[in-house]
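Peer 1: Mind having a look at this structure? Questions to follow.
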Amino acid sequence: MKKRMMRLLLELLKDSKRSDRELAKVLDVSQPTVSRMRSRLVKEGIIRDFTVMPDFVKMGYEIMAINCFKSKTSEEIAERAKKWVMSKPNIIFAAAAQGMGKNAVMISLHRNYTDFSNFLGEVLAEDENVMEDYDTMLISLEGRIVKPLSLKYLAEQET
């Protein structure tokens, strides 16, 4: 990726709501150049979404769960799992994984422990013949947060 494109991407990570005019000043290029570069980043799939990073507690979530599991694998199982995961809006990330004897991970948000407990019941019922092992780490979103979840930190690394 060209250096100017990377600089634009890093500026957008800091604050994606800034106008092309503001970004042009920071990058020392013209506003039409920023518009073209932003469009190219989207077209090439480097930028998938323009979104916000909300305060999950203010949205009513108390718990973030990191769910790691080992399950049997096949194309049919993977397709069924993908369909189930995509139907759950509180699952914000899911992927194949490797480590600690597990082969998949998902991150989910929950309003309270009862909500999480119900979710866990659904997970285990959905995959009762497929799931071999399951572990969860619960994170209190109202507890001591050392570094809040944000993509803006990526903009601070050196390229």
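The values are calculated or read from the model by the stated rules, or taken from the named source; none is laboratory data. What you are looking at is a predicted structure, and each value in this text was computed from that prediction instead of being measured. Neighbour counts run over all protein chains shown; Cβ positions are idealised from the backbone, glycine included.
Peer 1: Taking helices (runs of 4 or more DSSP H) that fall entirely within segment 1-84, which contain at least 1 residues that are within 24 Å of the chain's Cα centre (by Cα)?
Peer 2: 3-14, 31-43
Peer 1: Any idea which residue in segment 123-137 is modelled with the lowest pLDDT, counting only those that are over 20 Å from the mean Cα position of the chain (by Cα) and surrounded by fewer than 12 Cβ atoms within 10 Å (Cβ to Cβ)?
Peer 2: E128
Peer 1: Any residue at all in segment 104-121 that's in contact with an Asp or Glu (Cβ under 6 Å, 6 or more places away or on another chain), of a type in the set (F, W, Y), in a helix (DSSP H, G or I) and surrounded by 11 or more Cβ atoms within 10 Å (Cβ to Cβ)?
Peer 2: No, segment 104-121 contains no residue that is in contact with an Asp or Glu (Cβ under 6 Å, 6 or more places away or on another chain), of a type in the set (F, W, Y), in a helix (DSSP H, G or I) and surrounded by 11 or more Cβ atoms within 10 Å (Cβ to Cβ).
Peer 1: Conditions first: (1) surrounded by 15 or more Cβ atoms within 10 Å (Cβ to Cβ); (2) modelled with pLDDT of 95 or more. K70 passes all but one, so which condition is the exception?
Peer 2: Here K70 meets the rest and fails (2).
Peer 1: Something else: Among the numbered conditions (1) of a type outside the set (A, V, I, L, M); (2) out of contact with any Asp or Glu (no Cβ under 7 Å at 6 or more places or on another chain); (3) in a strand (DSSP E or B); (4) closer than 19 Å to L138 by Cα, tell me where Q98 comes up short.
Peer 2: (4)
Peer 1: Now for a different question. Could you tell me which residue of segment 26-56 is surrounded by the fewest Cβ atoms within 10 Å (Cβ to Cβ), considering only residues that are touching an Asp or Glu at 6+ places or on another chain (Cβ under 8 Å) and within 25 Å of S150 (Cβ to Cβ)?
Peer 2: Ranking the qualifying residues of segment 26-56, first place goes to V26.
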